Amino acid sequence: MFNPSRDEVRRFFIDTWRKQRAGDILTPLEAIAADWIVEHPEYHDALADTEGSAAAADYSPERGQTNPFLHLSMHLAISEQLSIDQPPGIRAAHERLAVRLGSTHDAQHAIMECLGETIWEAQRSNTPPDSDAYLARIERRASRD
């Protein structure tokens, strides 16, 4: 099973952004990641950091910073879930969210909040993430007026 370290994840996004800017050939996963990086210009400087300080930074909520690597990783995870419709029904809920919110990007961000809550709940209870509860959260978001 693929279980990269924090440093490997950060290096993946930094290398992907470097390759994207250089016009190098990207792997399929890098191409998806590059698309999300392009959607987030606020992360471009951190990903272009040749000194490595962004890769080593502590992005804690107390510092008021969003962790670009976590955010992009969640986009990748959700993209994969949508591509295989796992949990079943996530793709249809995403489509409803995209229509309601006006963009697939905003729909992904709404799902990201649901994913974060599901992961937090699993960590708190020391149990595996509950995919039924995750999908229910997404469905609630998709059906709001």
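The values are calculated or read from the model by the stated rules, or taken from the named source; none is laboratory data. Nothing here was measured: the structure is a model prediction, and the numbers come from that model. Cβ sites come from the backbone with ideal geometry, for glycine too, and all protein chains shown count toward neighbours.
Please go through (1) in contact (Cβ under 8 Å) with a residue 24 or more places away in the chain; (2) surrounded by fewer than 16 Cβ atoms within 10 Å (Cβ to Cβ); (3) within 28 Å of R6 (Cβ to Cβ); (4) not assigned by TED's automatic domain parsing to the domain that holds L29 for L76 and return the number of the only condition it doesn't satisfy.
Going through the list (1) in contact (Cβ under 8 Å) with a residue 24 or more places away in the chain; (2) surrounded by fewer than 16 Cβ atoms within 10 Å (Cβ to Cβ); (3) within 28 Å of R6 (Cβ to Cβ); (4) not assigned by TED's automatic domain parsing to the domain that holds L29, L76 breaks only (2).
Assess whether A92 counts as being of a type in the set (G, A, S) and over 23 Å from A133 (Cβ atoms). Write out each step before concluding.
Numbers: of a type in the set (G, A, S): yes; over 23 Å from A133 (Cβ atoms): no.
The answer is no for A92.
Tell me which of these S73 doesn't satisfy, since it passes every other one: (1) under 20 Å from Q20 (Cα atoms); (2) in contact with a Ser or Thr (Cβ under 6 Å, 6 or more places away or on another chain).
Status for S73: all satisfied but (2).
Which residues, taken from segment 5-51, are surrounded by 12 or more Cβ atoms within 10 Å (Cβ to Cβ) and of a type in the set (G, A, S)?
A31, A33, A34, A46, A48, listed by residue number.
Give the residues of segment 89-125 that are in contact with a Leu (Cβ under 8 Å, 6 or more places away or on another chain) and either in contact (Cβ under 8 Å) with a residue 12 or more places away in the chain or buried (at least 16 other Cβ atoms within 10 Å of the Cβ) (or both), sorted by residue number.
First, the residues of segment 89-125 that are in contact with a Leu (Cβ under 8 Å, 6 or more places away or on another chain): 89-91, 93-94, 106-107, 110-111.
Within segment 89-125, G89, I90, A93, H94, A107, A110, I111 meet the criteria.
Name the residue, out of A92, A56, that is in the same structural domain as T16 (by TED's automatic domain parsing) and either in contact with a His (Cβ under 9 Å, 6 or more places away or on another chain) or of a type in the set (A, V, I, L, M) (or both). Give the derivation first.
Details: A92 fails: in the same structural domain as T16 (by TED's automatic domain parsing).
Answer to the selection: A56.
Results for (1) over 15 Å from the mean Cα position of the chain (by Cα); (2) not aliphatic (A, V, I, L, M), shown as yes or no for each residue.
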| residue | (1), (2) |
| --- | --- |
| N3 | yes, yes |
| R11 | yes, yes |
| T27 | yes, yes |
| A46 | yes, no |
| E51 | yes, yes |
| Y59 | yes, yes |
| S73 | no, yes |
| D85 | yes, yes |
| P88 | yes, yes |
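What is the residue count in segment 37-65 for residues that are touching a residue at least 24 places away in the same chain (Cβ under 8 Å), more than 14 Å from R10 (Cα to Cα) and not charged (D, E, K, R)?
So the count comes out to 1.
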